[in-house]
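Report on one structure; see the data block that follows.
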Amino acid sequence: MTTTERQAGKESSGQRVADWFDGRLGTHSLGKKYLRKVFPDHWSFLLGEICLYSFVILILTGVYLTLFFHPSMNEVTYHGSYVPLNGVRMSEAYASTLDISFDVRGGLLIRQIHHWAALIFIAGMLMHMMRHFFTGSFRRPREVNWLFGWTLLFLGLFEGLFGYSLPDDLLSGTGMRFVDGAILSVPIVGTYLSFFLFGGEFPGHDIIGRFYSLHILVIPGIMAALVVAHLILVVYHKHTQFPGPGKTERNVVGAPFMPVYMAKAGGFFFLVFGVIALISAVASINPVWSYGPYRADQVSTGAQPDWYLGFAEGLVRIMPGWEINIAGHTLVLGVLIPIVVFPLLLIFIGVYPFLESWITGDKREHHLLDRPRNRPIRTSIGTAWISIYLILLAGGGNDIVATRFHLSINTVTWAVRIALFVVPVIVFVATRRICLGLQLRDRELVLHGRETGVIKRLPHGEYVELHRPLSPAELHTLTQHEQPRPLELGPAEDENGVPSPNRRMPMLRLRARLSRALYGEGTQVAKPTAEEYREAHRSNEHPANEHLAVEHPAAEQQAAEQQAAERQAVEQPSEEQQMREHQVSGRQVSEAGPPDG
C-alpha cells in the first residue's frame, strides 16, 4: 500500500465530503476569502441582526400557519372549541384562525410569535435605518444598500397590513374599510381601483385570497431577495465602524466571521427567538375571538392598526373634512391629502442620502461613521422626522387618548394638529443646541482634560481642581472628524466687472444656501488646533500641574512624555501605522484595499 493510499484511508468522512464540494464548487477558496471577514463590535450593529433574525422567525412560523389557514371568504357556520361563537356565520378564513388558536396544538403560540416577530421586525428595521441615518453610513459606496433597506421597510409596512387583514375579524375588516376609503378618494380612477382590488363592491369575495398570495408569496420573495442582496453588499463593501485609534477608511477592526462572530451571532439568534417566544407566551396580541367576524354594518370600538401604520391613520384623523368639486368630480381632500403625505414622509428619508451628496458635493468613499453630535443639522432633521412620526401615531389613537385621559376628542385632535407644525421645529432647535453643546464639551476635554475631583490649594491660597490630560486614543477619537466648509458661489463680479455665471444659476444658488444651512456659521464648533492644544497645556498656564509636579517629582517626567505623545497624535498621525495590518486591543484588523478585500 502506497503512502497516498494510507493517507486517503486515514481521511475522515467529513474531509472527503469537503474535498468533494471543493473540487466542484471551490468552497475552500471561497471560505478562505470570506469566512475570515472581520466584523466590528458595537451594540448598535445588533439592530440589523434583530431584523434578520425576526425575518427568519417570521418565515418559520409563517410556513407552519399556512398548513392550517384557509384563505377563503366563503361563509360557514362555526362549530369549534370556542363556545361563545358556536353557531355564528363567518368566513372560512376567520373559522380557520379560530381553529389554529384553539384546536391546533401550539397554534396560538405560533400565531402570537408570528405577530410579535412582525412588530419587532418593523421596529428593528426603523431603528436600524435611523442608526444608519444618524451616523452617515448611507454615504458612498452604500447608497444602493440604503435603498435596499428602505425598500424592505416600505414593503414590511404593507406586508404587515396584508397579514393583519387575513383573519377577516371585525378589527381587520375595519382597517380594510379604511383602505377602501383611501382608494376611493383617488380622483377619477378611485372607484375602478376599489372594484379591481376587492373584486366588486366592498368587501367583495376575493380580497382575502389576493392578500394571502401577496402575503405568503410575492412580498416575502421580494424581501428575501433584498435581504440576500443587502448582506452581499455588506460583505462586498466591508463593514462600517465607529472612529477610534487604529481605525481608518482602509481597514476594519473587529472579530473574524469564523469562529468568533459566527458563535456570537448564533447565540444572539437564539436569544432573540427566546425573548420573542417569552413575550408571545405571556402577552396576548390580536385576540381575534374577542372581536368576532367581520360584518360590513359594524365597526369595532377603539379600532387601532398596528403601531407601524398608526401614523397613516393619524394623518387622516387630524385632517379637516375638506371637499371640493372640480369638473363634476368631488375631491375628498380630507383623505386624499393624507394618502399623498404618507408616502412623501417615507420618500424623504429614502432620498436624503442623494440630497446630502448633491448639496455637499462629496463623492468620496466613507467607511468611518460620524458621531451624531458632529453633524448637528442631519441629526436634527432625523429627530424632527421621528417627532412627526410619533405625533401622528398619537393622532391615530386620538379616541383612546381622549377616553383614557378624560379629554374631549376635539381637544386632542386640535392639539395634535398644532403639535404637528410646532413640535418638530422645537425638536430640531433643541437637538441642534444639544449637539453643539456636546461638541463644545469635547473641545473642552481636549484642551483641559478630565476633571479628577482632586482639589489643591496653591501656595498663594488659590484652590484649583486637577485635570487629567486625555490619552492619545481619546484625543484621536474626539478630533479625527472632518468639519466641511459650506460651498461658496464666489464674488458677484470678477476683476473685469463681468458678472459671475454662478450667480445666475438658480440650482447653484439653492445648493449654496443648503450647504450653508448644513455647514455654515452656527452649525459646528471648531476643533482645537495643535497650537491651541499646546497653548492650553503649557505648564505656566496650569499652576495646578506645577504644584502636582512639585509634590510628585517622579511624575513630572511621565507627564511631560504623555503630553509630548498627545501633541504628536494631534499634529501628525502616522500614515504607515494606519495602513498596515495590525492588532488593536487584542482584536483582529483586516486591511480593506479594494472594496471586496
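The values are calculated or read from the model by the stated rules, or taken from the named source; none is laboratory data. In this text the structure is predicted, and so the values were computed from the model without any measurement. Don't worry about glycine lacking a Cβ; one is built from the backbone with ideal geometry, like all the others, and counts go over all protein chains shown. Just so you know, the surface numbers come from the protein's heavy atoms only, side chains and all, with ligands and any DNA or RNA stripped out. Shrake-Rupley method; radii C 1.70, N 1.55, O 1.52, S 1.80 Å.
Within the set of pairs 6 or more residues apart or between chains, which connect a residue that is without any contact (Cβ under 8 Å) to a residue 60 or more places away in the chain and over 12 Å from Leu119 (Cα atoms) inside the range 141-164 to a residue that is assigned to a helix (DSSP H, G or I) and open to solvent by less than 40 Å² (accessible area, probe 1.4 Å) with Cβ atoms less than 7 Å apart?
Phe162/Phe211; Phe162/His215
Identify the residue in the range 67-91 that is within 38 Å of the chain's Cα centre (by Cα) and closer than 20 Å to Phe202 by Cα and, among all such residues, is most open to solvent (accessible area, probe 1.4 Å). Give the derivation first.
Looking only at the range 67-91, we keep the residues that are within 38 Å of the chain's Cα centre (by Cα), and these are 67-73.
Narrowing the set further to residues that are closer than 20 Å to Phe202 by Cα leaves 71-73.
Numbers: Pro71: 47, Ser72: 25, Met73: 32 Å².
Taking the candidates together, the pick is Pro71.
Residue-by-condition table, conditions (1) hydrophobic (A, V, I, L, M, F, W, C); (2) closer than 30 Å to Val253 by Cβ; (3) at pLDDT below 90:
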| site | (1), (2), (3) |
| --- | --- |
| Pro372 | no, yes, no |
| Arg378 | no, yes, no |
| Gly382 | no, yes, no |
| Trp414 | yes, no, no |
| Phe428 | yes, no, no |
| Leu438 | yes, yes, no |
| Arg443 | no, yes, no |
| Gly453 | no, no, yes |
| Gly461 | no, no, yes |
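Can you find, within the range 388-432, the residue that is nearest to Gln304 (Cα to Cα) among those that are assigned to a helix (DSSP H, G or I) and among the aromatic types (Phe, Trp, Tyr)?
First pass over the range 388-432, keeping only residues assigned to a helix (DSSP H, G or I): 388-396, 398-404, 409-432.
Pick out the ones that are also among the aromatic types (Phe, Trp, Tyr) and you get 389, 414, 421, 428.
Values: Tyr389: 16, Trp414: 19, Phe421: 24, Phe428: 29 Å.
In this case the residue turns out to be Tyr389.
Suppose we keep only residues that are closer than 30 Å to Met73 by Cα and charged (D, E, K, R) within the range 294-349. Which one would you say is surrounded by the fewest Cβ atoms within 10 Å (Cβ to Cβ)?
Here the answer is Asp297.
Mind listing whichever residues of the range 524-542 are at pLDDT 90 or above and open to solvent by less than 30 Å² (accessible area, probe 1.4 Å)?
Listed by number, the list holds a single entry, Pro528.
Could you look through the range 438-487, keep only residues that are in a loop (DSSP other than H, G, I, E, B) and aliphatic (A, V, I, L, M), and pick out the one that is farthest from Thr379 (Cα to Cα)? Give the steps one after another, and end with the answer.
Initial filter on the range 438-487 (in a loop (DSSP other than H, G, I, E, B)): 449, 458-462, 469-471, 480-487.
Then drop every residue that is not aliphatic (A, V, I, L, M), which leaves 458, 470, 487.
Working: Leu458: 44, Leu470: 27, Leu487: 20 Å.
By that ranking, first place goes to Leu458.
Quick check on my filter: what residues within the range 433-477 are within 13 Å of Asn374 (Cβ to Cβ) and small (Gly, Ala, Ser)? First the steps, then the outcome.
To start, the set of residues in the range 433-477 that are within 13 Å of Asn374 (Cβ to Cβ) comprises 434-443, 477.
Scanning the range 433-477 gives a single hit, Gly437.
Can you tell me which residues in the range 437-446 are open to solvent by 20 Å² or more (accessible area, probe 1.4 Å) and not small (Gly, Ala, Ser)?
The answer is Leu438, Leu440, Arg441, Arg443, Glu444, Leu445.
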